[in-house]
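Presented below is the structure to which this report refers.
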């Protein structure tokens, strides 16, 4: 990697887990002071949340489903959320908004949502650059919902529509709202980028008349395909079932649904990823190139999986910000 590319780059967490709870507002306990890779203090964790659905989401089949947060006792904390029954957005408002916004979707194999290094930390880094960030807490498909395989995309579409409708309140241009997702959240990011118009839920209010197409997309070390041998087995099992047939596999393999209308895309993966094969990113890139969609791809030789946005081994946020600026997300 040359020095000019390194000059663009600025802005791993883990171990044993203990249970925690969510407050009535939906906020989690705030983390300690956080710094970017250059040592600058990042904004505090937000306490602002907005619900996606006016009367709660439809289709709950498991009446006793309740949200649970588990957190690592070793610093920095890494919180893993499951049992989401109140899908919502954590909002990061920059001090000097530049009119751009990003919907950020943490991963977790569709088993949980890794809300810190793939969510709140991303919000803190990108909002420091002037981008308004909305971190998505979405429903998980294997937890007891009707139309389970489409439940994450329902929440992602609704989130994008809600952000655009409320854009003026957040000093955001509704034409400049992108999406970024990590791992299984990257699959959901790619699902929104390719299936923003899919009729996965009936309209509940005027918000659902809004176009859900993102301006740009950024699937990061993403699960792109559901094809056996290529996919992440846990994500496939939770989303469509380990024994899903060929038609269902094809339907939820996002590389099959790229068109010329798919938004410009930023791709990032470590080639030594032992959880999600790098061939997922290469398959999506090939589909984007075939469709004539602008795509920027970064492959790092080392980094593994789940490195988030503040791992010095894979310092990539500056690359993304450069791409976003080139694509007109902000000046």
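None of the figures in this text is laboratory data; all of them are computed from the coordinates on show. Here the structure is a predicted model, which is why all the values come from computation and not from measurement. When we count neighbours, we look across all protein chains shown, and the Cβ atoms used for this are built from the backbone with ideal geometry, even at glycine.
Structure summary
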quantity: The range 49-326: projected area of the alpha-carbon convex hull, averaged over directions, in nm²; calculated: 13.8 nm²
quantity: Relative contact order, percent, the range 49-326 [alpha-carbon distance under 8 Å, six or more residues apart]; calculated: 15 percent
quantity: Alpha-carbon gyration tensor eigenvalues x 5, square-rooted, for the range 41-114, Å; calculated: 25, 19, 10
quantity: Burial ranking of peptide ranges 308-315, 263-270 (average Cβ count within 10 Å, highest at the top); calculated: 263-270, 308-315
quantity: Ascending count of other beta-carbon atoms within 10 Å, so fewest first, for 105, 131; calculated: 131, 105
quantity: Rotationally averaged projected area of the range 146-239 (alpha carbon convex hull; nm²); calculated: 6.3 nm²
quantity: Most to least packed among 172-183, 206-217 [average Cβ atoms within 10 Å]; calculated: 172-183, 206-217
quantity: Relative contact order [Cα under 8 Å, 6+ residues apart], the range 88-175, whole percent; calculated: 35 percent
quantity: Ranking of 169, 247 by count of other Cβ atoms within 10 Å, fewest first; calculated: 247, 169
quantity: Least to most buried among 316, 53 (fewest other Cβ within 10 Å first); calculated: 53, 316
quantity: Residues in the range 110-140 reached by a label modelled at residue 86 [backbone nitrogen below 18 Å; 7 Å Cα→Cβ]; calculated: 113, 115, 135-140
quantity: Label-point separation in nm, residue 175 to residue 50, each point 7 Å along Cα→Cβ; calculated: 2.1 nm
quantity: Bridge type composition, the chain - antiparallel percent by DSSP, nearest 5; calculated: 50 percent
